[in-house]
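Inspection log for the structure reproduced underneath, given as structure tokens.
The values are calculated or read from the model by the stated rules, or taken from the named source; none is laboratory data. On a predicted model such as this, the values are computed, not experimentally measured, just so you know. Here the Cβ positions follow ideal geometry from the backbone for every residue, glycine too, while neighbour counts run over all protein chains shown.
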Amino acid sequence: MSHAKSEAVQEWKHAGASTASMYANFFFWLFREPFPTRQLGQQITRVMLEGFGILAVAGVVEGAMFAWLAGWYGTKFSVVNWAGAASLYLLLSAATTLIGAMMFAAKIGTAFTVEIGSMQMSGQLDALRLMAVEPTQYIVIPRVLASILSLPILKAISDICAIGSAIVLARLWFDISVPVFLQHALLVLRHTILTTSYIRCALHAFFIAINACGLGFHFQGGAIELGRTTTKSIVINLICVLVIDTIYGVMDSVFGWSTL
Amino acid sequence: MISARGVRFGFPGRPVLEDITIDIEESLTTVVVGRSGIGKSVFLKCITGLLRPQAGSITIDGEEVVGAARGQLLAIRRRIGMLFQEGALFDSMSVYENVAFPLMYHKSASGKEIDRRVRAYLDLVGMLEYTHAMPRELSGGMKRKVAVARAMILEPRYLLYDEPTAGLDPASAAVVESMIRRLQREGAITSLVVTHDIDLTRYIADRIALMEEGRITAHAGREDAFEEPSAIYEHFIENRERIRAENGNQG
């Protein structure tokens, strides 16, 4: 039992060291020639295509769920016309960012870990090194930058889907007309709410991509270990998303970024 | 010439190479034989600087690999091509793109020149008709042939083969063997092959070294190696016959 425990501790230490070293490697190689422009383009396309479906569906579900909750409580406290304002505020300031980042970690983060882990397992990373190609530069940097650029766009798509489904549900279930819904929503929404949520989004993308690539990059072992590493990737990234959001939330409340 | 002196390497709690000393002579094919898991592949990775030995020295054309700065290591690696065990082709690229990749990434030739060289090397390994195929569509032997073409495209002085016939059926192994032999004849390249395949060794080796317990315990020319008595002969023939006899008795 204690042997298994110490093995698990060792595995998590290795995972921590892998991700930590990837942060250092990323910044070391980011400003060195040649910049992988072609790979960046390929990865943006890939991340957008792979992430579009799940973030759009998540947006629709979140929109309907928040509109229903806001409408239900609004009816209970006789402020049902404010359901649009409440649901959109929660959606745009927190929900689509947080849930979108979690979906991104599950779909794209794990894909990065498995892909790079398989490359490590089959010797492709060593083959790159022998061709005088630095794998961090060729493999990791395009994926991280593509994630930073793509996740805010995917969040925008998710936001549009969420707003759409919230409006439809409010209209059909609580009989709130579209003008009333939007009128009340615009009273509480500020551009700073959107700005800060998109900045948070880019931060999430950066940490998710680096963690996922780092775990794949320093992967050792066979198929079973690759499975475990993929699980670690999603666990670490979900915790990371929650921690970033908490820290950002605390700082926001201290400095008042989203209410400026 | 590749020269290793007193090379020692180990993973935490597991020593692998104890004291490797060997010279890989120019324009010859040296085969390092030894049982699986003894550290043959690790030795190749030490030569290419992918792993750093804890002690000893490895020189390529007189330049030290152990502890070399990144720039120096890259320059040394340009002289080396390596065939990995499974070929290590890039899954997302076609056969053509895999072979062209080193030239295209380093922009070391014009588009026309790249095309000419890619086609020439694919022709050399007999894979010219598969230029558009993806690695997943190829057999193990075909993947290794493409990997050899990719290793050759930068026209290295040294070609390292890591178990080139491992896991292949006899017919595919024979094709890979003939390809290595043909490359030797046509390219005058210094080759270092690590394997435990006796047939491959007999067919391609100019010199044979035996690795046991993390050391090179015997090093001889092909004729001497397969003469009785010799450590290499014993390793190959007697071990095989003894194991067969034991298995036969048990059966």
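Scan the stretch B:114-132 for residues that are touching a residue at least 40 places away in the same chain (Cβ under 8 Å) and under 22 Å from A:Gly123 (Cα atoms) and jot them down.
Answer for the stretch B:114-132, where residues must be touching a residue at least 40 places away in the same chain (Cβ under 8 Å) and under 22 Å from A:Gly123 (Cα atoms): just B:Val125.
Look through the stretch A:193-231, keep the residues that are aromatic (Phe, Trp, Tyr) and either touching a Lys or Arg at 6+ places or on another chain (Cβ under 7 Å) or not in a helix (DSSP H, G or I) (or both), and return whichever of them is modelled with the highest pLDDT. Show your work before the answer.
Restricting attention to the stretch A:193-231, the residues satisfying the condition of being aromatic (Phe, Trp, Tyr) are A:198, A:206-207, A:217, A:219.
From what is left, the residues that are either touching a Lys or Arg at 6+ places or on another chain (Cβ under 7 Å) or not in a helix (DSSP H, G or I) (or both) are A:198, A:219.
Values: A:Tyr198: 91, A:Phe219: 85.
Among them, the one singled out is A:Tyr198.
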Per-region count, the stretch B:60-106, residues of a type in the set (S, T, N, Q), surrounded by 16 or more Cβ atoms within 10 Å (Cβ to Cβ) and in contact with a strand residue (DSSP E or B) (Cβ under 9 Å, 6 or more places away or on another chain): 1
Which residues, counting only those in the stretch A:204-225, are buried (at least 20 other Cβ atoms within 10 Å of the Cβ), farther than 14 Å from A:Lys107 by Cα and aliphatic (A, V, I, L, M)? A:Ile210, A:Leu215
From the residues in the stretch A:1-55 that are hydrophobic (A, V, I, L, M, F, W, C) and farther than 27 Å from A:Pro152 by Cα, which one is farthest from the other protein chains (Cβ to nearest Cβ)? A:Met1
Matching residues in the stretch A:114-124 (of a type in the set (A, V, I, L, M, F, W, C) and crowded, with 24+ Cβ neighbours inside 10 Å) number 1
Could you figure out which of (1) touching a Gly at 6+ places or on another chain (Cβ under 8 Å); (2) modelled with pLDDT of 90 or more; (3) farther than 24 Å from A:Ala24 by Cβ isn't true of A:Ile234? (3)
Boolean, B:Val125 is within 22 Å of B:Thr29 (Cβ to Cβ), away from every other protein chain (no Cβ under 14 Å) and either of a type in the set (S, T, N, Q) or crowded, with 16+ Cβ neighbours inside 10 Å (or both): yes
Just to be sure I understand, how many residues within the stretch A:97-135 are more than 17 Å from B:His106 (Cβ to Cβ), β-branched (Val, Ile, Thr) and within 13 Å of chain B (Cβ to nearest Cβ)? 2
How do the helices (runs of 4 or more DSSP H) wholly within the stretch A:98-192 filter down when requiring 3 or more residues that are among the aliphatic types (A, V, I, L, M) and in contact with a Phe, Trp or Tyr (Cβ under 7 Å, 6 or more places away or on another chain): which remain? A:141-174
Find the helices (runs of 4 or more DSSP H) located wholly in the stretch B:11-113 whose residues include 1 or more that are among the polar types (S, T, N, Q), free of Cβ contacts under 8 Å to residues at least 24 places away in the same chain and out of contact with any Leu (no Cβ under 7 Å at 6 or more places or on another chain), and list them. B:70-77
Check whether at least one residue in the stretch A:153-176 is out of contact with any Lys or Arg (no Cβ under 6 Å at 6 or more places or on another chain), within 14 Å of another protein chain (Cβ to nearest Cβ) and either under 12 Å from A:Ala209 (Cα atoms) or without any contact (Cβ under 8 Å) to a residue 60 or more places away in the chain (or both), and report yes or no. no
Looking only at the stretch B:145-155, count how many residues are under 20 Å from B:Lys107 (Cα atoms) and either away from chain A (no Cβ under 11 Å) or more than 13 Å from the chain's Cα centre (by Cα) (or both). 6
Number of the exception - A:Ser197 against (1) among the polar types (S, T, N, Q); (2) touching a residue at least 60 places away in the same chain (Cβ under 8 Å); (3) farther than 30 Å from A:Thr75 by Cα: (3)
Only one residue in A:Ile153, A:Ile167, A:Ile163 is at pLDDT below 95 and closer than 25 Å to A:Trp257 by Cα. Which one? A:Ile163
